[in-house]
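Student: Before I ask anything, here is the structure I am working with.
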Amino acid sequence: GHVLFSSGHEWGFWLNDYLTAKILWEPEAPLERFYAHYTSAFGSCSANISDDFTKLVALQRTFLFEKKLIAYVSGEDNAVDLGQLVAGITIRELRKKFDELVTGSEADRAAFESTVLTDLETYVREVRPLEDAIAARARGSDATLAPWSTELRDGVRIVRVRIEHSILVYKAILAYARQNTAEAEKLLAQARAKTELA
């Protein structure tokens, strides 16, 4: 009953495809077993990478899926927008539109800050130690493992930077809505720097 979509252009698509294929052969096995299978390729660091990877997936599950923040890291397209707006089918939650924050009430803006932005900032704060641990292991990799270690490090880093970008853009919109143009421009400049970093 599982249908896998992959264009082959997603970041780290190969790992998703590979693990999905493995899981289909043993659907009753615990998910951590498959993480350990993947991370066993990291040699003497495999136990540490397995622990980091498991924690990373748990963080993503909590913040991006359970708290429904995936929209703040993902693009939107016709399938997402039209499915929701025309057919009433939710593929995933839509992110808060900028104009809603600008034209909405201050209470709405404060609620958005205390929920969505606070949760996004918490994710960044909690993922940073994992990113740093994986980066340290990547620096110690030999030539054979280095590409795999750095790919994992980069994947963690890019998601974190994308979330930081989203936070900065939304803070800029909030500043603009509160008629603090100078602050909005400063935050947008910081967001552009995050784009370049990513």
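Student: If you fit an axis through the alpha-carbon atoms of helix 181-197 and take the longest principal axis of the Cα set of the chain, what angle between them do you get, 0 to 90°, nearest 10?
Tutor: The angle comes out at about 20 degrees.
Student: Angle check, please: helix 146-177 long axis (alpha carbons) against the longest principal axis of the chain (alpha carbons), in degrees 0 to 90, nearest 10.
Tutor: Computed tilt is about 10 degrees.
Student: Could you check the spin-label model distance between Ala189 and Asp142? Points 7 Å from the Cα along Cα→Cβ, value in nm.
Tutor: A separation of 4.8 nm, rounded to one decimal place.
Student: Moving on to the next point. Provide the per residue accessible area, probe 1.4 Å, for region 11-160, rounded to a whole number of square angstrom.
Tutor: 57
Student: Relative to the Cα centre, what is the charge dipole magnitude of region 52-198, using +1 at the beta carbon of each Lys and Arg, -1 at the beta carbon of each Asp and Glu, and rounding to the nearest 20 debye?
Tutor: 260
Student: Mind putting a number on the dipole of region 1-114 about its Cα centre? Charges go on the C-beta only, +1 for Lys and Arg and -1 for Asp and Glu, and I need it in Debye to the nearest 20.
Tutor: For region 1-114, the charge dipole is close to 160 debye.
Student: Mind running the shape call on region 78-147? Use the C-alpha gyration tensor, a ≥ b ≥ c as the square roots of the eigenvalues: rounded below 1.5 for a/c, prolate if a/b tops b/c, oblate otherwise.
Tutor: Because a/c hits 1.5 or more and a/b fails to exceed b/c, region 78-147 counts as oblate.
Student: Here are a few candidate values for Rg/Rh (Cα atoms, Kirkwood Rh): (i) 0.95; (ii) 1.01; (iii) 1.13. Which one was actually calculated from the structure I just gave you?
Tutor: (ii)
Student: How do 21-34, 138-151, 170-183 rank on mean C-beta neighbours within 10 Å, highest first?
Tutor: Listed from highest to lowest mean packing, they are 170-183, 138-151, 21-34.
Student: Suppose each label sits 7 Å from its Cα in the direction of the beta carbon; what would the Arg33-Asn48 distance come out to in nanometres?
Tutor: Output for this residue pair reads 2.8 nm.
Student: With each pseudo-label sitting 7 Å past Cα toward Cβ, what's the Lys22-Ala110 distance in nm, one decimal?
Tutor: Here the modelled spin labels are 4.9 nm apart.
Student: Another question, then. Efficiency by 1/(1 + (r/R0)^6): what FRET value for Arg128 and Ser40, r their Cβ-Cβ distance, R0 = 41 Å, to the nearest 0.05?
Tutor: 0.95
Student: On the protein heavy atoms, probe 1.4 angstrom, tell me the percent of accessible surface of region 61-198 carried by carbon and sulfur.
Tutor: Carbon and sulfur together cover 54 percent of it.
Student: Let me ask another. Roughly how tilted is helix 118-139, in degrees to the nearest 10 and between 0 and 90, from the longest Cα axis of the chain?
Tutor: Roughly 30 degrees, rounded to the nearest 10.
Student: To continue, here is another question. Please give the residues of region 100-142, grouped as numeric ranges, whose backbone N is less than 14 Å from a label point set 7 Å along the Cα-to-Cβ vector of Ala58.
Tutor: Counting only backbone N, you get 126-127, 130.
The values are calculated or read from the model by the stated rules, or taken from the named source; none is laboratory data. Quick caveat: nothing in here was measured; it's all calculated off a predicted structure. We place every Cβ from the backbone using ideal geometry, glycine too, and count neighbours over all the protein chains shown. These accessible areas exclude ligands, DNA and RNA; they are computed on the full protein's heavy atoms, side chains included. Shrake-Rupley method; radii C 1.70, N 1.55, O 1.52, S 1.80 Å.
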